[in-house]
Structure formats: structure tokens, C-alpha cells
Amino acid sequence: MAISTLLGALLTVAASQSPIEGRWKNPIGSAIIAIEPCGDQLCGKVVWASARGEREVARNTRQIVGTTVLTGLRRNGSEWTGSLYIPDDDIHVTAHLQPLGRGQLKLKGCGLMGLICRTQLWTRYEGNLPSHP
């Protein structure tokens, strides 16, 4: 009986977790972002950055690790929408995230009322964070 209860609880937790929750590495490997609940929405925070990643944002951000770059993420059909902070340019744009198979996440950031968009393909990151170079 106790095993059935524990298994049911674990399945409930797994089912409630969003497919975009977890750690994600950007395409060039300069940052790892953790997407997790914050209130009734999801947010993404930089949990690791390479020396290159830190250099790229140095003029706008003293410390990139700990910076929240995704806010207000809510499910909208098959994708998630919210706001993306781009530290390199010190701007906020609309974010569209779409989970893809094979542990990938398509991130599209659009500014100027959707006229200018850039897309990246992030990869799920499992395991311990890398040591700092």
C-alpha cells in the first residue's frame, strides 16, 4: 500500500512538471539556464556561464550568473510565451519557447512588435554544472 501511494505521488509530481522545466544550454555553450516555477509562471535564470559568456555581457551586467533572463512564461497552446532579457544588448523582447523532441527547446525572441526575431535551439543539460574555466 505504501509503495502504491509513493508511486502515485511521484507520478503526480512528474506529470505536473512542464516539459520546458530543467537546465538548458545555449547553442554556443556559453550559458546554462535553469527554467523553474516562480509563482504561477515559469522563469529562467542563468546558473552557469563560460568565460566567453561573461565577456559578452560585461558592459551591461557585472555578473551574469544569477541573472533572470526569462520571466512570465505561460503555456500558450503547444508553446510558452513570456519575456526574454538579452543581457548582451540590455533589452527585453517577447519570448516564444517550443519544446522539441530529443531534449531540445526552440527559443524565439522578437522585438519591435514582432518585426525582428532571432531563433536559437537550446539543448537539455543533465548532470553537474561544469567547473568555471
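The values are calculated or read from the model by the stated rules, or taken from the named source; none is laboratory data. This is a predicted model, so every value here is computed, not measured. When we count neighbours, we look across all protein chains shown, and the Cβ atoms used for this are built from the backbone with ideal geometry, even at glycine. Protein only, heavy atoms only, side chains kept; ligands, DNA and RNA dropped before computing areas. Shrake-Rupley method; radii C 1.70, N 1.55, O 1.52, S 1.80 Å.
Could you grab me the full set of residues in segment 42-61 that are in a helix (DSSP H, G or I) and open to solvent by 20 Å² or more (accessible area, probe 1.4 Å)? Those that are in a helix (DSSP H, G or I) and open to solvent by 20 Å² or more (accessible area, probe 1.4 Å): Ala51, Arg52, Glu54, Arg55, Glu56. Given the criteria among the hydrophobic types (A, V, I, L, M, F, W, C) and modelled with pLDDT of 95 or more, does Leu70 qualify? Answer is yes for this residue. Take segment 27-41 and flag every residue that is more than 14 Å from Leu129 (Cβ to Cβ), open to solvent by 10 Å² or more (accessible area, probe 1.4 Å) and either among the β-branched types (Val, Ile, Thr) or assigned to a loop (DSSP other than H, G, I, E, B) (or both). Across segment 27-41, the qualifying residues are Pro27, Ile28, Gly39, Asp40. Applying a threshold of 9 Å to beta carbon distances and a minimum spacing of six or more residues, or different chains, the list of pairs starting in segment 96-108 at a residue that is free of Cβ contacts under 8 Å to residues at least 40 places away in the same chain and ending at one that is acidic (Asp, Glu) and assigned to a strand (DSSP E or B) reads His96/Glu79; Gln98/Glu79; Lys106/Glu79; Lys108/Glu79.
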